[in-house]
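The values are calculated or read from the model by the stated rules, or taken from the named source; none is laboratory data. Just so it is clear, the structure is predicted and the values come from calculations on it, not from any experiment. Methodologically, a virtual Cβ is constructed for each residue, glycine included, from the backbone with ideal geometry; neighbour enumeration extends over all protein chains shown.
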Amino acid sequence: MINSKQVLTLAEQVALSIKDSILDGLIGPGDQLPGEYELSTSFGVSRPTIRLALDILYDQKILVVRRGRGGGHFVNSQITDECLKSLGDCFPVFAIEKLSFEELKEARDVIQIMGSQLAAQRRTTEDLARIHSSIPSAQDMHTCDFSGKLVNFQVELVKASYNNILLANTCSIARTLRMVFLKLNLTDDIKKEYIVNMETIYESLIRKDHLKVVVDMRVCLNYCNGVIREAQR
């Protein structure tokens, strides 16, 4: 529910909430947003407020409008630098223009390695189920938001560490990483390799092998870093 006492206008709060949903992978590139009535009911604000919020996101090139039958507001499938900056404004600490890849890589690597080691020691059966469900299948490569799956796996893994500080930092970094991945053209071969890496990590978690899972995570992180570096050339 939107808070009428916040400094931001109601429309700005709605726009920010929709941005959060995009960054969290709940809404992916090309997805259609619900209609004005459904959004106004969900956020508890008027339809004119919803229209203002949608206009904000349209001006930031986060949304596009399609006219005619089947039309409406859709998340921009052509992610531009301007669009990424608008999304990054949600998280000033990790804003794209202030963040170097090396800083992001170092922080992510440390947290993921420590998180995976703790997860191997502390995970429950329920944790394993959530982690397994976050691993995309071969069929998912063409039917889901693959970048969202990648970061969701990282988040679910660190959740199983039961360390809230690691989790909070993982969520912030994962959101920023998702913006980076949205710009990459991941081939089927790259996606398949990611799936293999995630499944290998999962197998070590099943065995509670906290030493092997660190090795597996390093392999996965090195591959991820290589993919991003190659795309930046």
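Report yes if some residue within region 14-36 is farther than 26 Å from R175 by Cα and either part of a helix (DSSP H, G or I) or not assigned by TED's automatic domain parsing to the domain that holds N185 (or both); otherwise report no.
Filtering region 14-36 down to residues farther than 26 Å from R175 by Cα leaves 36.
Filter once more, keeping what is either part of a helix (DSSP H, G or I) or not assigned by TED's automatic domain parsing to the domain that holds N185 (or both): 36.
Yes, there is a match, as at least one residue in region 14-36 is farther than 26 Å from R175 by Cα and either part of a helix (DSSP H, G or I) or not assigned by TED's automatic domain parsing to the domain that holds N185 (or both).
Give the residues of region 48-68 that are within 15 Å of L33 (Cα to Cα) and either part of a loop (DSSP other than H, G, I, E, B) or of a type in the set (A, V, I, L, M) (or both), sorted by residue number.
The initial filter retains those residues of region 48-68 that are within 15 Å of L33 (Cα to Cα), namely 50-58, 61-67.
Hits for region 48-68 are I50, L52, A53, L54, I56, L57, K61, I62, L63, V64, V65, R67.
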Which one of C90, C83 is part of a helix (DSSP H, G or I) and modelled with pLDDT under 90? C83
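Would region 163-172 turn up any residue that is over 19 Å from I195 (Cβ atoms) and in contact with a Leu (Cβ under 8 Å, 6 or more places away or on another chain)? Outline the logic, then answer.
As a first pass, look at region 163-172 and keep what is over 19 Å from I195 (Cβ atoms): 163-172.
If we keep only those that are in contact with a Leu (Cβ under 8 Å, 6 or more places away or on another chain) as well, we get 163, 166.
Yes: region 163-172 contains one or more residues that are over 19 Å from I195 (Cβ atoms) and in contact with a Leu (Cβ under 8 Å, 6 or more places away or on another chain).
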Are there any pairs, at least 6 apart or on different chains, whose C-beta atoms fall under 6 Å, with the first in region 206-233 and assigned by TED's automatic domain parsing to the domain that holds L184 and the second among the charged types (D, E, K, R), and if so, which? L221/D109; N225/K105
Selected residue (criterion: farthest from S116 (Cα to Cα)) from residues of region 171-219 that are small (G, A, S) and either touching an Asp or Glu at 6+ places or on another chain (Cβ under 7 Å) or surrounded by 19 or more Cβ atoms within 10 Å (Cβ to Cβ) (or both): A174
T125 fails exactly one of the following numbered conditions: (1) of a type outside the set (D, E, K, R); (2) farther than 18 Å from E106 by Cβ; (3) touching a residue at least 60 places away in the same chain (Cβ under 8 Å). What is the number of that condition? (3)
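Being surrounded by fewer than 19 Cβ atoms within 10 Å (Cβ to Cβ), at pLDDT 90 or above and part of a helix (DSSP H, G or I): is that true of Q121 here?
Numbers: surrounded by fewer than 19 Cβ atoms within 10 Å (Cβ to Cβ): yes; at pLDDT 90 or above: yes; part of a helix (DSSP H, G or I): yes.
Yes; evaluated as a whole, the condition is true for this residue.
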